[in-house]
Structures are given as structure tokens and as C-alpha cells.
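Reading through the C-alpha cells given below for one structure.
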Amino acid sequence: MAGQGSHAADVEFLVRRSMTKGYQLFSLLTPPAYVAFVLARKGRAQFSINRFLRATWVGGATSSGCAAGGGFEYVRSAYSSEITVRNRHIRSAYDTAPLRKDDHSTIGALLFAVLTPALFWSRASTINCGAGIGSSVGVLTHYGRTLTGDSPPPVEVPEVTISSP
């Protein structure tokens, strides 16, 4: 019975992590896709900053981002063996590069969630509009730091053995 609880906890961890990755990915992909779509289909007159920021937030948070990432990971992990899921959980918990990317993304989202409504007071009315842009700026900052040689040091992952009941 304890094995089922730990398997569920591992699956939950991986699903939450995958939802974060989905939000980061689609917050990064949505702005250029939205700009290209609006300019190609509707013209420059239909482009507004408020719609752009809202599309960025909604693109990461809805079915394309969080839900798709979490759903994919749940299907992948729920039907895998307990040992496989535990090993993936431990590897992802000790991998410092994605943790640093998550930190940069969170910092960017928080900063831009506050700064965007302050800068575009009449155009960006809600706080969530800047979070998507900030998340993507944080991810780009992480990739920029990695390319310039400021990568996190590798951490040795401990070996874990799981005994079958």
C-alpha cells in the first residue's frame, strides 16, 4: 500500500513539473505566433498591446500550455512502473539546469507581472498579462546565460534502489 502512495506522489511531482514546462514553452512560442497571425490575417490596425499580452498569458495557461503538459505527463507516468517513475523523479529533482530555468522563469513572471501594468497602465489592465511575457523573458535569460558559459555545476545523482513488495 505504501508503494502506491509513493508512486502517486512521484506522478504528482512529474505532472506539476511538466505543467510548468508547458507554460514556459507556450509563453515563449505564443507571442511571435500571435503577432504573425494578427498581422497576416487582420492587419496592423487590429493589433493592440492588451490583446497581445492577454494572448501570451492565455496561450501558456490554457490547453496549449499547462493542461497539455500536465495531461501528457500524467498519461506517460501513471501507466509506467513505479521504479521508472521514481528514477525520473529523482533525476529531475537533482538536475540543476531545469531548476535554474524554472527560477529564471518565475522571477521574470513576477517582475513583468508588476512592471507591465505599471508601464502600460491604460493598455494592460490586469496583472496576469505581464506574467506570460516575463516567463518567456526568464527562459530566454536562462538560455542566454547557458550559452555564455554560466551553466550550473553538475550534481551527482544518488543511486536509489526500490524493492518490490
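The values are calculated or read from the model by the stated rules, or taken from the named source; none is laboratory data. What you are looking at is a predicted structure, and each value in this text was computed from that prediction instead of being measured. Because the Cβ atoms are built from the backbone with ideal geometry, glycine has one as well, and the counts that use them run over all protein chains shown.
For the reader, a short list of remarks on this structure follows.
- One residue alone among Ser80, Ser64 is assigned to a loop (DSSP other than H, G, I, E, B) and either touching a strand residue (DSSP E or B) at 6+ places or on another chain (Cβ under 7 Å) or not hydrophobic (A, V, I, L, M, F, W, C) (or both), and that residue is Ser80.
- Selection count where residues are touching a residue at least 60 places away in the same chain (Cβ under 8 Å) and surrounded by fewer than 14 Cβ atoms within 10 Å (Cβ to Cβ), scope region 77-92: 2
- Failed item, numbered, when Gly70 is tested on (1) farther than 23 Å from Pro117 by Cα; (2) surrounded by fewer than 19 Cβ atoms within 10 Å (Cβ to Cβ): (2)
- Test for Ser18: is it of a type in the set (Ser, Thr, Tyr), in contact with a helix residue (DSSP H, G or I) (Cβ under 9 Å, 6 or more places away or on another chain) and more than 17 Å from Ile133 (Cβ to Cβ): yes
- Near pairs, Cβ below 9 angstrom, 6+ apart or cross-chain, from region 23-47 (more than 17 Å from Gly69 (Cβ to Cβ) and without any contact (Cβ under 8 Å) to a residue 40 or more places away in the chain) to any residue that is β-branched (Val, Ile, Thr) and in a helix (DSSP H, G or I): Tyr34/Thr56; Arg44/Val38; Gln46/Val38; Phe47/Val35; Phe47/Val38
- Test: residue in region 44-52 that is among the charged types (D, E, K, R), assigned to a helix (DSSP H, G or I) and more than 23 Å from the chain's Cα centre (by Cα): yes
- Scanning region 1-43 for residues that are in a loop (DSSP other than H, G, I, E, B) and either farther than 30 Å from Val85 by Cα or among the small types (Gly, Ala, Ser) (or both) turns up Lys42, Gly43.
- Among residues of region 16-43 being of a type in the set (Val, Ile, Thr) and under 30 Å from Ser92 (Cα atoms), the one that is farthest from the chain's Cα centre (by Cα) is Thr30.
- Test: residue in region 22-29 that is touching a Leu at 6+ places or on another chain (Cβ under 7 Å) and of a type in the set (Ser, Thr, Tyr): no
- For region 116-127, the condition holds for at least one residue, the condition being that it is of a type in the set (A, V, I, L, M), modelled with pLDDT of 80 or more, surrounded by fewer than 20 Cβ atoms within 10 Å (Cβ to Cβ) and over 12 Å from the mean Cα position of the chain (by Cα).
- Residue in region 91-100 that is within 28 Å of Leu140 (Cα to Cα), modelled with pLDDT of 85 or more and outside any helix (DSSP H, G or I) present: yes
- The sole residue among Ser18, Ser64, Ser105 that is in contact with a Ser or Thr (Cβ under 9 Å, 6 or more places away or on another chain), modelled with pLDDT under 85, surrounded by 14 or more Cβ atoms within 10 Å (Cβ to Cβ) and closer than 29 Å to Thr146 by Cβ is Ser64.
- Single unsatisfied condition, Pro31 versus (1) farther than 30 Å from Ser6 by Cβ; (2) modelled with pLDDT of 90 or more: (2)
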